1. Taking the square root of 5 times each eigenvalue of the Cα gyration tensor, what semi-axes in Å does the equivalent ellipsoid of region B:47-90 have, largest first?
2. Amide H of residue B:163: which non-local residues (sequence gap of 5 or more, or other chain) have their own amide H closer than 5 Å, using H built in the peptide plane?
3. Nearest 100 Å² is fine: how much accessible area is buried between A and B, summed over both sides, with a 1.4 Å probe?
4. How large is ³J(HN,Hα), in whole Hz, for each residue of region A:81-91 in order, when computed from phi with the Karplus curve 6.51 cos²θ - 1.76 cosθ + 1.60 and θ = phi - 60°, using x for Gly and Pro?
5. Mind checking the per residue accessible area of region A:47-90 for me, 1.4 Å probe, whole number of Å²?
6. Shortest first, in nm, what separates the label point of residue B:132 from those of the same position in the other copies (7 Å along Cα→Cβ)?
7. Express the accessible area of region A:187-308 per residue in Å², computed with a 1.4 Å probe while the remaining protein chains stay in the model.
8. Considering only protein heavy atoms and a 1.4 Å probe, what is the carbon-and-sulfur percentage of the accessible area of region A:47-90?
2 protein chains.
Amino acid sequence: MEKQGRLSLFRSEPFFFIQNVIDNITSQVGARENVNELKDIKADSTISDVAKAARVSVATVSRVLNGSGAVSAKTRLRVEEAIRELSFMPNASAKSLRALRTMTIGVIVSDILVSYYAEIIKGIENTANALHYKIIICDAQNQKEKESDYMTLVMNRTVDGIILITPKLTDAELAAYAEKGYAIGLIGRSIDHPLIPCVYTDNVGAAQEAVSHLTIQGHERLAFLSGFADATDSYERLEGYMKALRLAGLPFVPELIENGGFSENGGYDAFHRLMDKGHPFTAVFAANDEMALGIYRACSERGLSIPEDMAVIGVDNNRVSKYITPTLSTVDQPKYSMGALLAEKLIDQLGGNQYADRRSFQVGSKLLVRQSSLFEVKRNRLQQPSSD
Amino acid sequence: MEKQGRLSLFRSEPFFFIQNVIDNITSQVGARENVNELKDIKADSTISDVAKAARVSVATVSRVLNGSGAVSAKTRLRVEEAIRELSFMPNASAKSLRALRTMTIGVIVSDILVSYYAEIIKGIENTANALHYKIIICDAQNQKEKESDYMTLVMNRTVDGIILITPKLTDAELAAYAEKGYAIGLIGRSIDHPLIPCVYTDNVGAAQEAVSHLTIQGHERLAFLSGFADATDSYERLEGYMKALRLAGLPFVPELIENGGFSENGGYDAFHRLMDKGHPFTAVFAANDEMALGIYRACSERGLSIPEDMAVIGVDNNRVSKYITPTLSTVDQPKYSMGALLAEKLIDQLGGNQYADRRSFQVGSKLLVRQSSLFEVKRNRLQQPSSD
DNA sequence: AGCAATGCTGAAAACGATTACAGTTCCCTT
DNA sequence: AAGGGAACTGTAATCGTTTTCAGCATTGCT
């Protein structure tokens with residue numbers, strides 16, 4: 001159903017073959033003639049250039065720049081004129097070296113593309129920016145090793161602190177960084193450490209609420225799709241799932257647990273594996289929406305209707321979940337605010353507020369009940385997304 | 001249909017009220033007792049600490065660190081031991097100050113949340129990282145002024161160069177930066193300047209192909225939803241739309257053009273405005289998928305079936321477009337590769353390759369024909385997304 | 001043995017800002 | 001007019017690296 005356009009190469013794997021890419025996806029557009037007179041274009045002037053131009057010392061220029069110390073109106077004007085004239089901007093590296101801080105924080109995520117992370121990042125960026133901080137984005141590509149690699153940023157003082165979103169590093173490793181004096185903060189994960197601020201949701205409770213919503217509707221055999229085996233949030237959701245079963249007086253069937261690696265394809269495969277085990281079930285709780293999308297596809301292949309034959313609930317409130325048919329029930333978190341809050345806390349700590357009264361914040365999530373988990377669902381109509 | 005959970009505050013506006021956020025979304029979790037023995041935790045040691053420990057000069061340590069110059073095996077071992085012992089890491093600011101470069105590039109986007117940008121960013125980050133560069137993300141929040149603000153990053157040497165994705169700055173402004181000696185690159189926009197590398201798609205051609213696809217199917221009155229008035233890509237898509245009309249011998253009706261600001265709600269409003277003008281039409285080409293989603297909602301409200309009553313085509317291949325019912329026809333671009341390619345080119349230029357043979361790269365896009373633009377559409381079934 | 005070449009090492013000068021300290025000017029009292 | 005204090009300004013140290021230059025020791029060669 002997809003008509004091929006003019007070009008064949010599209011992204012599918014990581015980028016390893018730069019020349020390849022160039023050769024494949026581009027068509028040269030007028031190789032511009034070279035220009036030679038750019039050597040002498042000098043963008044920067046230093047503070048001493050300004051001092052010279054204004055016939056004052058560098059100290060005075062610095063005072064004008066930072067509004068520190070007293071400077072006579074006459075001198076100030078001359079300096080400001082010189083600054084404008086030379087379009088001078090103080091060198092950030094020099095400033096950082098002297099101040100021993102960079103006004104930058106790093107943000108480590110496992111995949112920028114996942115909208116869950118993107119929204120948190122937005123919250124972090126906006127807040128950080130308002131507080132005059134910049135953020136360096138680190139895509140760990142789901143690899144724990146890359147996470148560790150990126151930690152060097154705080155160790156070599158490229159950044160003043162690092163925010164990790166649902167990291168793979170262990171509690172012990174994280175604690176070690178903090179105790180060495182590196183400022184780190186956590187989002188979507190809690191840790192009991194006096195130096196590490198964190199913002200997280202009650203995964204257990206949320207999962208329990210979601211699964212209870214299913215049992216209340218009469219489901220007695222419910223499957224669970226976990227994410228990565230080493231992901232705390234996935235584990236906590238499993239815990240909530242088990243709690244809900246217990247609460248409903250239902251038995252825990254280990255065969256009804258499968259691992260889907262948080263990805264759509266993973267969810268798709270895992271669901272098929274579940275179905276083939278010979279332990280029938282009528283509802284499935286997926287540790288995130290991506291896997292739920294995979295379930296949709298698998299159900300479609302097996303001729304199962306959602307929610308009549310199979311109820312589905314995910315987590316994350318992925319953008320797609322609201323638009324797909326049937327709309328997907330899911331657990332939503334205030335992602336933007338979570339990012340904003342942690343950024344504010346971490347920067348506060350960087351500012352020397354070492355003894356904040358609290359470092360650990362649990363924020364609420366909410367279950368969005370949509371069509372995929374309700375028995376009576378209006379279907380066969382163009383979906384009109386609700387406006388949450 | 002959305003059940004309210006425990007908490008009410010969810011992100012809707014920019015973040016301005018930090019204390020507010022805290023008070024609203026959090027519940028305190030065990031205010032940890034303060035710790036006092038952290039003053040003496042010293043994370044960093046300097047190169048001279050290492051030198052002292054190894055009983056050599058700082059110059060020698062530097063040589064060991066960078067593999068420059070000759071160092072005797074015996075000394076090298078001693079230095080390496082000292083480095084390990086002190087877990088020394090060279091200070092990035094000092095390095096940058098000395099080297100006059102930061103190994104960092106800035107990336108300015110108008111909204112991180114838009115998946116189009118996120119995917120480009122991923123391409124940039126992965127490539128930059130492979131080349132030992134870091135990226136600073138700048139969310140301009142659709143404001144031209146913020147774009148300019150972020151340009152200070154390259155002027156004060158926080159970053160070595162800046163990549164702008166479909167910026168609002170004018171060609172003249174961009175050229176001015178480049179001519180002052182600041183390294184900038186463009187994605188999703190072309191500029192005819194010898195110093196500015198850019199990677200872009202043929203918006204005109206792609207739009208023309210999309211609209212022609214509609215006219216070929218017999219549509220004679222087609223509307224166009226533009227994005228921002230000042231966005232080049234939106235303008236180019238309008239151009240393609242007009243070309244396609246001309247090609248099909250159809251009249252251009254100015255009343256059938258509306259501005260939707262690239263957002264879902266904007267598209268929704270714009271579509272309603274179009275419908276109320278009294279100039280009937282049977283198909284609409286939206287300058288991006290977000291607006292197309294708004295059109296879906298508006299159509300649903302007006303009882304219009306897609307594609308029977310109204311054919312719709314968008315641009316961007318938003319994640320949702322594949323999952324919504326009916327699936328949305330759209331124009332796809334190799335976003336990841338575009339980011340990767342430009343990052344590689346810009347960094348190449350930073351490396352001193354001032355006279356690259358080409359700086360301007362046009363990459364192909366492809367029209368994905370899905371259900372929303374086809375007359376005979378299978379509907380009323382659970383959608384099974386195709387696997388593009 | 002004398003000398004050049006080589007290998008290794010250290011001292012010191014950058015890089016571009018901030019800031020403590022000291023020195024100068026100016027104005028106001030007495 | 002002298003003295004004191006405030007206001008202003010400059011000198012120089014400092015942040016932590018890299019790198020040039022020179023010095024010393026060792027080696028190899030004649």
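The values are calculated or read from the model by the stated rules, or taken from the named source; none is laboratory data. Because the structure is a prediction, the values reported are computed rather than measured. Backbone-built Cβ (ideal geometry, glycine too); neighbour counts: all protein chains shown. For accessibility, only protein heavy atoms count, side chains too; no ligands or nucleic acids. Shrake-Rupley method; radii C 1.70, N 1.55, O 1.52, S 1.80 Å.
1. Numbers: eigenvalues 39, 22, 17 Å².
After diagonalising the Cα gyration tensor, the semi-axes are 14, 10, 9 Å.
2. B:106, B:107, B:108, B:185
3. Working: alone 21720 and 21740 Å², together 31810 Å².
Its buried surface, counting both partners, is about 11600 Å².
4. With the stated coefficients, region A:81-91 comes to 4, 5, 4, 5, 3, 8, 6, 7, 10, x, 5 Hz.
5. Working: 2680 Å² over 44 residues.
Here the residues of region A:47-90 average 61 Å² of exposed surface.
6. 3.2
7. Values: 4430 Å² over 122 residues.
Solvent-accessible surface per residue comes out at 36 Å².
8. Working: 1480 of 2680 Å².
Taking all protein chains in place, region A:47-90 shows 55 percent carbon and sulfur surface.
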